[in-house]
1. In what order, largest first, do 162, 446 sit by accessible area if the probe radius is 1.4 Å?
2. Order the peptides 318-328, 100-110 from the highest to the lowest mean number of other Cβ atoms within 10 Å of their residues.
3. Could you tell me what percent of the accessible area of the chain is made up of carbon and sulfur, with a 1.4 Å probe and every protein chain present?
4. For segment 346-415 and segment 140-163, what is the separation of their Cα centres, given in Å?
5. By accessible area of protein heavy atoms, probe 1.4 Å, what ranking do 228, 13 get, highest first?
6. Treating only the Cβ of Lys, Arg, Asp and Glu as charged (+1, +1, -1, -1), what charge dipole size does segment 189-259 show about its Cα centre? Round to the nearest 20 debye.
7. How many angstrom separate the Cα center of segment 169-202 from the Cα center of segment 434-481?
8. Treat every Asp and Glu Cβ in the chain as -1 and every Lys and Arg Cβ as +1, leave all other atoms uncharged, and give the resulting dipole magnitude about the Cα centre to the nearest 20 debye.
Amino acid sequence: MNYYSSRGISEPVSSARAIVDGLAPDGGLYTMAPDAIPHFDIEELRGMDYCPLAAKIVSALLPDFEEEEALELVQKAYSGKFSNEKLAPLADTGKDMFLELFHGPTSAFKDMALCLLPYLMKASAEKCGSDDTILILTATSGDTGKAAMEGFRDVPGIRIIVFYPEEGVSAVQKQQMVSQEGKNVKVCAVRGNFDDAQNGVKHIFESAPEREGLSLSSANSINIGRLVPQVVYYFSAYLAAVENGRIALGDKLNFCVPTGNFGDILAGYIAGEMGLPVGKLICASNENDVLTDFINTGVYDRRRDFHKTVSPSMDILISSNLERLLYLMSGDAKLVAGLMEKLKADGYYQVPAELLEKIQAKFAAYSCDDRRTKAAIASVWNGQHYLMDTHTAVAWQAYQDFGPENGPCVILSTASPYKFPAAVLSALSVDCEGDEFEMMELLEQVSSVPMPENLRGLRERSRRHKDVVDPYAMGAYVYFKMDDKEWR
Ligand SMILES: *Cc1c(COP(=O)(O)O)cnc(C)c1O
């Protein structure tokens, strides 16, 4: 199974090459051909633990990895790093089902993929016969950066630079990043928003000068190696819902996903194409509701105000992975290339009616502002004694708008509430004068939900990274680091 550029100009490549390169040379995203997606019989997957299940799915989607090798990498990637032995447990309150994806080293769902990506990347480089140093460039809306640096820190042969929007992340997220250790990591703030940071990184990929012995790659979800590990937990959640007696094997199950770059929810779509009985995929957005409008009208229009919200990891107006969905659903790279061209030139595009119909058959979309987000946190805490973070709350609210009468649903819980303590406390109507770190402690007292160990003592960690650049200077920053012999 080869990987094709969603824009159809670059040559198809092997799965290993797709991971090493990150982005296709024509600016497209490497994607499997829609008719080549492997199929599973879920009956056969029943009772499997997370790691063997992950190995099966990873090796099916990335055929350069035999199942045995995949299992070895998966076990290395996850062992000892998660605070829950199931890795991604399904928390069932009796009313709602939350798929908890935040028990990893940085307390956000990005860990599910970013613990594994470094292992996939190293092995892929070997398979491609490359001994270049790999420089990973990553833009983050808050959670990817930390998770990527944790995953890649001190991995030989790899360097990583993370860009984050200076004012666009929570204090906890910022402190997690600027205190990052590891000789091979650099963190730099950008005076702009996430879209500026992500565009800057894409631009560097397109225009960076060649350096002998150095190749660039990405840890963003434009890298297929990020996406594949995320497919696994849709299967594990489905099987857990069967074990809990919530559904019978073969029944359709809806999934509601708090969405930013469209990576997480796209993994759910791929799971469905692999034979998992996925009902509707509910795309939940905050006030940055470009995807809600797109799914409901077929017009993607980023010409709108950018809102800073209490769910900052979803403050995104250009959702990169949507391009992959358009490719998978239309099978028409020429169409996709045209739409992306139009988005770049005019700031919007409209998909053909036939494609919109296909999208709406699979996806529903709702958005939720900060006021409703906080009301959702209070309502679920008071009604079910379950503490949601702000992103999970956006999803829970979207599920209410969708209508619980439309079938059982798993709500993806993408972050620990302790990453966003200010908003969560305010939702619970608890006043706090102190900074976010004091808020974390207060939240623990009020809720008795234990704080993740990795967030304890965060405030005391020293700030190691102080760089700040304007968006236009990101390229210069990277080229300078590329030539810094000491760092390389
Ligand atoms: C990244 C992130 C999301 C959005 O995921 P996408 O794959 O970008 O759609 C949602 N919630 C949290 C907490 C995140 O960190």
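The values are calculated or read from the model by the stated rules, or taken from the named source; none is laboratory data. Since this is a predicted model, take the numbers as computed values, not measurements. Note that we place each Cβ from the backbone using ideal geometry, even for glycine, and neighbour counts take in every protein chain shown. Ligands, DNA and RNA are stripped out before the accessible areas are found, and what is left, the full protein with its side chains, is counted by its heavy atoms. Shrake-Rupley method; radii C 1.70, N 1.55, O 1.52, S 1.80 Å.
1. Values: 162 0, 446 70 Å².
Solvent-accessible surface, decreasing: 446, 162.
2. Details: 318-328: 23.5, 100-110: 26.0.
Taking the mean over residues of other Cβ atoms within 10 Å, the ranking is 100-110, 318-328.
3. Details: 8250 of 18150 Å².
Carbon plus sulfur share of accessible area: 45 percent.
4. 29 Å
5. On the way: 228 0, 13 25 Å².
Largest to smallest exposure gives the sequence 13, 228.
6. Using Cβ point charges on Lys, Arg, Asp and Glu, segment 189-259 gives about 180 debye.
7. Measuring centre to centre over Cα atoms gives 10 Å.
8. Details: 47 positive and 68 negative charges, 105 e Å.
Using Cβ point charges on Lys, Arg, Asp and Glu, the chain gives about 500 debye.
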